[in-house]
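Enquirer: Handing you this structure, nothing more for now.
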There are 2 protein chains.
Amino acid sequence: MIKERKILQDYISRNSMKYTKQREVILEVFLATEGHVSVEELHQKLSEVEPSVSLATVYRTLNLFCKAGLAQKRKFGEGQTRYEHSVDHSHHDHLICTSCGKIIEFENPMIEQLQRQVAERNDFLVKSHRLEMYGLCADCRKKSASSS
Amino acid sequence: MIKERKILQDYISRNSMKYTKQREVILEVFLATEGHVSVEELHQKLSEVEPSVSLATVYRTLNLFCKAGLAQKRKFGEGQTRYEHSVDHSHHDHLICTSCGKIIEFENPMIEQLQRQVAERNDFLVKSHRLEMYGLCADCRKKSASSS
DNA sequence: GTGGATGCAAACGATTTGCAAGCAT
DNA sequence: ATGCTTGCAAATCGTTTGCATCCAC
């Protein structure tokens, strides 16, 4: 918990920015949130703690977190951008349930290996990649099976 | 070339829609376009042939093409949606050059196989998936190497 | 002639930005 | 005090939609 605050404070002073109340509270709420939050959702949760924080500030602050290495932007299928923690969070890909919205993370070194191979064959230098599978999670499969 | 028109006409009559001049010309330009077009780009090209076609109609028509099975929507990293041909075009994934915007397609059955395995392990039913690698293509690698 | 299609402009949702006021340093 | 930050509202971008008109059937 303290580690992330340190990272943020470091980044902030390194860039002659200011450590404000808003940044503090947004960081807290962000860290307390599991998984992949949208700006809207975070602003929602935030409003229970500190209702005066504006949406614009949440946008600005999440972008700051990305630059500081605390968060990572992810754009899934449709709609809004989501942010996930990036401290102590190694690379992974996602299974996304199109019914309930659940996001399952996974890692697969074999796939990564094959990706590198494909890139090499195309004389392509990979900087980042994304692998997402969309479909139904176990729970939703059960539900749709029982309703039929 | 004729095949796609047939598919469109079929879809249109099956759904008691109308085969208009606009749909005809948009289809032609779309088919004559390689790779992954954005609506804006298509509208641009279109304006050289038939300047009166509105952006809104291009949007509406590309969505129609998707429903008819002629095109497929793809949302890459940022910005706008792109559309690719889907007739005689089997499943594939993409390498996207972040410098010049080039998009290279590839297929890799081994990766698909491993993906299926991951899904299974998570008791997840995959409906669709996407794999994209972002980086520098061969040409842009050369350029950046020579400029340094 | 009738209902679907079009062009236009307005509406949209997500995100960004300009600006005057506010607060951390 | 200085200047980075904030909240607000307006602006932006890509896309969709309402509506009067138009055209394929």
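Enquirer: Taking only Cα atoms, what is the 0 to 90° angle, nearest 10, from helix B:2-14's long axis to the longest principal axis of chain B?
Expert: Around 60 degrees separate the two axes.
Enquirer: Could you please rank B:14, A:141, placing first whichever residue has the fewest other Cβ atoms within 10 Å of its Cβ?
Expert: In increasing order of surrounding Cβ atoms, one gets B:14, A:141.
Enquirer: Now, a different point. Taking each label point as 7 Å beyond Cα in the direction of the beta carbon, state the distances from residue A:80 to the same residue in the other copies, shortest first, in nm.
Expert: Here the equivalent label points are 2.6 nm apart from this one.
Enquirer: What does the highest-first list of A:113-125, B:98-110, B:127-139 look like by mean Cβ count within 10 Å?
Expert: B:127-139, A:113-125, B:98-110
Enquirer: R0 = 45 Å: FRET efficiency of residue B:127 with residue A:2, Cβ-based, nearest 0.05?
Expert: Calculated transfer efficiency: 0.60.
Enquirer: Where does the protein assembly as shown land on the Kirkwood hydrodynamic radius, alpha-carbon pairs, in angstrom?
Expert: That comes to 22.3 Å for the protein assembly as shown.
Enquirer: May I ask for the angle, rounded to the nearest 10°, between helix B:39-49 and the longest principal axis of chain B, with both axes built from Cα atoms and the value confined to 0 to 90°?
Expert: Taking Cα atoms only, the helix is inclined about 50 degrees.
Enquirer: Pairing the Cα long axis of helix B:109-121 with the longest principal axis of chain B, what angle in degrees results, from 0 to 90 and rounded to the nearest 10?
Expert: 80 degrees
Enquirer: Exceeding 19 Å between C-alpha atoms, which entries from my cross-link table qualify? They are A:21/A:45; A:67/A:127; A:127/B:127. Let's see the in-between values first.
Expert: Values: A:21/A:45 16 Å; A:67/A:127 17 Å; A:127/B:127 27 Å.
Beyond 19 Å between Cα atoms: A:127/B:127.
Enquirer: Would you mind calculating the gained length between residue B:52 and residue B:17 on full extension (0.36 nm times residue separation, minus the Cα-Cα distance), in nm to one decimal?
Expert: 10.5 nm
Enquirer: A follow-up question, please. May I ask which residue of chain A has the beta-carbon nearest to the axis carrying chain A onto chain B, and at what distance in whole Å?
Expert: A:131, 2
Enquirer: So, one more: Label-point separation (nm) for residue A:107 and residue B:98, each offset 7 Å from Cα along Cα-to-Cβ?
Expert: Using points 7 Å along Cα→Cβ, the separation is 2.2 nm.
Enquirer: Mind checking A:116-127 for the average number of partner chain beta-carbons within 10 Å of each residue's beta-carbon?
Expert: Averaged over the peptide's residues, the number is 6.
Enquirer: Per the Debye formula with a single identical scatterer at each Cα and no solvent contribution, what log10 I(q)/I(0) holds for segment A:2-85 at q = 0.22 Å⁻¹?
Expert: Taking Cα atoms of segment A:2-85 as identical point scatterers yields -1.06.
Enquirer: Out of all Cα-Cα pairs in segment B:17-148, roughly what percent, to the nearest whole number, are more than 24 Å apart? Before the final figure, lay out each step's value.
Expert: Details: 3778 of 8646 pairs.
Tail fraction, whole percent: 44.
Enquirer: Provide B:11, A:59 in ascending order of the number of other Cβ atoms located within 10 Å of each residue's Cβ, fewest first.
Expert: By the 10 Å Cβ count, ascending, the order reads A:59, B:11.
Enquirer: Could you work out the relative contact order of chain A? I mean the mean sequence separation of Cα pairs under 8 Å and 6+ apart, divided by the number of residues, in percent. Could you put the intermediate results ahead of the total?
Expert: On the way: 140 pairs, mean separation 26.3, N = 148.
Result for chain A is 18 percent.
Enquirer: Moving on to the next point. Under the definition of Cα pairs under 8 Å and six or more residues apart, what whole-number percent is the relative contact order of segment B:2-85? Could you put the intermediate results ahead of the total?
Expert: On the way: 78 pairs, mean separation 25.9, N = 84.
The normalised contact order for segment B:2-85 reaches 31 percent.
Enquirer: So how many Å³ per residue does the convex hull of the Cα atoms of segment A:93-139 work out to?
Expert: 80 Å³
Enquirer: Using alpha carbons only, how many angstrom separate the centre of segment B:113-129 from the centre of segment A:99-148?
Expert: Measuring centre to centre over Cα atoms gives 7 Å.
Enquirer: Sticking with the crude label model, points 7 Å out along Cα→Cβ, report the distance from residue B:40 to residue A:24 in nm, one decimal please.
Expert: 4.2 nm
Enquirer: Only four residue types carry charge here, +1 at the Cβ of Lys and Arg and -1 at the Cβ of Asp and Glu. Report the dipole size of segment B:2-85 about the Cα centre in Debye, rounded to the nearest 20.
Expert: Here segment B:2-85 has a charge dipole of around 460 debye.
Enquirer: At 222 nm, what value in deg cm²/dmol follows for chain B if DSSP H runs of at least 4 each add -39500 (n - 2.57) and the sum is divided by all its residues, to the nearest 500?
Expert: -15000 deg cm²/dmol
Enquirer: Please report how far the C-alpha centroid of segment A:60-89 lies from that of segment A:27-53, rounded to the nearest whole angstrom.
Expert: Cα centres, segment A:60-89 to segment A:27-53: 13 Å.
All of the numbers you see were taken from the coordinates with simple rules; none came from a lab. Only a predicted model underlies this, so the values are computations on that prediction, with no experimental measurement involved. We place every Cβ from the backbone using ideal geometry, glycine too, and count neighbours over all the protein chains shown.
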